[in-house]
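Below: one structure, written as structure tokens.
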């Protein structure tokens with residue numbers, strides 16, 4: 001009776017200590033964000049283009065199909081889904097840790113001691129046989145009380161790990177949408193560059209015909225013909241180069257989408273691409289809940305705090321309760337003779353680590369350091385996120401300014417080409433002036449197309465940096 005009273009007394013003390021010592025896993029992370037991004041654009045809350053689903057952000061049906069295929073078949077995306085499935089199983093296992101473990105045991109033993117041993121003589125004297133049989137069927141139960149929050153910490157860590165896999169999937173998806181969109185715009189740019197090269201080749205053919213005619217009538221020398229012909233060949237060489245780049249870009253997009261290489265039939269030109277004109281970005285604080293990589297870093301803090309609590313709980317006493325009940329007999333015929341063969345046992349134990357304390361304390365200190373590291377990594381993720389948005393905004397602004405300047409330059413150079421052709425036909429300009437004007441106009445047109453693609457890429461980067469791309473609707 002005294003032992004039972006002591007056991008209940010110890011259990012009451014442990015339960016009281018649990019109420020005092022178990023900590024809630026609720027990381028207090030203070031991170032300050034600027035009021036606005038570094039740009040000349042005004043911002044206001046809840047106005048970010050990152051809230052727009054990618055199907056509404058990208059209107060090109062060919063691009064939508066490519067993105068949709070990539071999200072379904074891309075290997076990295078499929079691995080992310082498998083990681084989520086694995087984390088779900090581990091989280092379910094962690095929740096089950098609160099339940100007692102139950103084992104069914106069925107055992108039959110037969111022992112034949114030596115006839116000259118004490119056991120052998122006793123068997124012969126009391127049972128009249130030289131062997132001993134033992135038959136047992138029982139249910140065993142064991143349960144550890146979560147006094148210090150060890151099981152709770154493991155559950156919280158498993159939950160954070162599960163949520164991290166979901167945020168990892170979102171991060172992969174935003175990156176995948178970003179890569180496919182930029183790859184598609186790269187393809188449209190190459191098609192446009194190829195068209196410009198073909199237009200320039202036609203212009204070079206026309207110039208070469210005029211030069212050849214003037215050579216035949218003796219107005220110019222053979223040197224002029226050769227130089228204009230070389231200029232024409234230089235323009236022609238651009239076409240197979242662009243064709244090669246187009247095929248390689250199509251292959252890259254197909255592989256990114258988890259498909260085998262094949263052609264992509266585009267329906268829109270680079271100039272016809274329309275993205276949201278009002279590039280609202282909201283405020284930096286919204287990135288904490290919108291960007292999956294930032295959320296992933298925040299969950300890392302939660303998991304680190306949970307592991308710290310588990311390591312702390314390992315240093316304190318653990319209360320375990322075990323029970324066993326079943327039937328036992330030394331004769332098979334009496335095995336299930338109820339209630340004579342029934343037996344039961346109940347035990348409780350409190351275990352306090354002693355010689356392992358240095359090891360356990362070290363584990364706790366390491367867990368504490370890991371928690372502090374996770375907090376720093378979270379703050380770094382926030383800083384990088386704000387920086388990416390600011391970079392994208394500055395890039396868009398300056399690319400637009402540069403695009404306007406190059407557009408004006410291109411228009412002037414196209415006018416110069418027309419004037420040079422007229423002057424050359426009337427003999428007021430040399431063939432070198434015509435070649436120079438055509439070359440300058442070609443380079444300016446190519447630069448203009450590349451700037452247009454760079455603007456689209458900067459907008460897509462802004463969309464991703466604001467957390468856009470993981471929401472379907």
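Nothing in this text is a laboratory measurement; each read-out follows from the coordinates by a stated rule. Please read all numbers here as calculations on a predicted model, not as lab measurements. All Cβ positions, glycine included, derive from the backbone under ideal geometry; neighbour counts span all protein chains shown.
Expressed as a rounded percentage, what relative contact order does the chain have, with Cα pairs under 8 Å and six or more residues apart? Mind dumping the intermediate values first?
Details: 642 pairs, mean separation 129.1, N = 473.
Relative CO of the chain lands at 27 percent.
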_Fraction in percent of alpha-carbon pairs per bin - 20 Å, the range 2-465_ = 16, 30, 23, 16, 9, 4, 1
*Can you grab the distance from the C-alpha centre of the range 181-232 to the C-alpha centre of the range 377-422, Å, no decimals?*
28
_Gain on full stretching of the segment that runs from residue 409 to residue 212 - 0.36 nm per residue minus C-alpha separation_ = 67.9 nm
*What Kirkwood hydrodynamic radius do you get for the range 177-304 when you take the inverse of the mean 1/r over all pairs of distinct Cα atoms, in Å?*
19.3
*How would you order 277-284, 390-397, 456-463 from highest to lowest mean count of nearby Cβ atoms within 10 Å?*
456-463, 390-397, 277-284
_Just to confirm the number: angle between the C-alpha axis of helix 431-465 and the first principal axis of the chain, 0 to 90 degrees, nearest 10?_
20
*Using alpha carbon centroids, what distance separates the range 62-89 and the range 293-339, in Å?*
36
_the range 140-251, relative contact order in percent, only Cα pairs under 8 angstrom and at least six apart counted_ = 30
*When a/c is below 1.5 the answer is rounded, else prolate if a/b is larger than b/c, else oblate, so apply that to the range 159-241 with a ≥ b ≥ c taken from the square roots of the Cα gyration tensor eigenvalues.*
prolate
*Any idea what angle helix 222-256 forms with the longest principal axis of the chain, computed on alpha-carbon atoms, 0 to 90 degrees, nearest 10?*
20
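Counting only C-alpha contacts under 8 Å and six or more residues apart, can you give the relative contact order of the range 394-473 as a whole percent? Mind showing how you got there, number by number?
On the way: 43 pairs, mean separation 32.9, N = 80.
It rounds to 41 percent for the range 394-473.
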*Compute the acute angle (0 to 90°) between the alpha-carbon long axis of helix 150-216 and the principal axis of greatest extent of the alpha-carbon atoms of the chain; round to the nearest 10°.*
20
*What does the highest-first list of 415-422, 430-437, 301-308 look like by mean Cβ count within 10 Å?*
301-308, 430-437, 415-422
*So how compact is the range 335-473: Cα radius of gyration and Dmax in angstrom?*
37.1, 127
*Could you tell me which of rounded, prolate or oblate describes the range 276-366, using a ≥ b ≥ c as the square roots of the eigenvalues of the alpha-carbon gyration tensor, with rounded for a/c under 1.5 and, failing that, prolate when a/b is larger than b/c and oblate otherwise?*
oblate
*State, to one decimal in nm, how far the label point of residue 419 lies from the label point of residue 360, with both points 7 Å from Cα in the Cβ direction.*
9.0
*Tell me, 355, 330 in order of fewest to most beta-carbon neighbours within 10 Å?*
355, 330
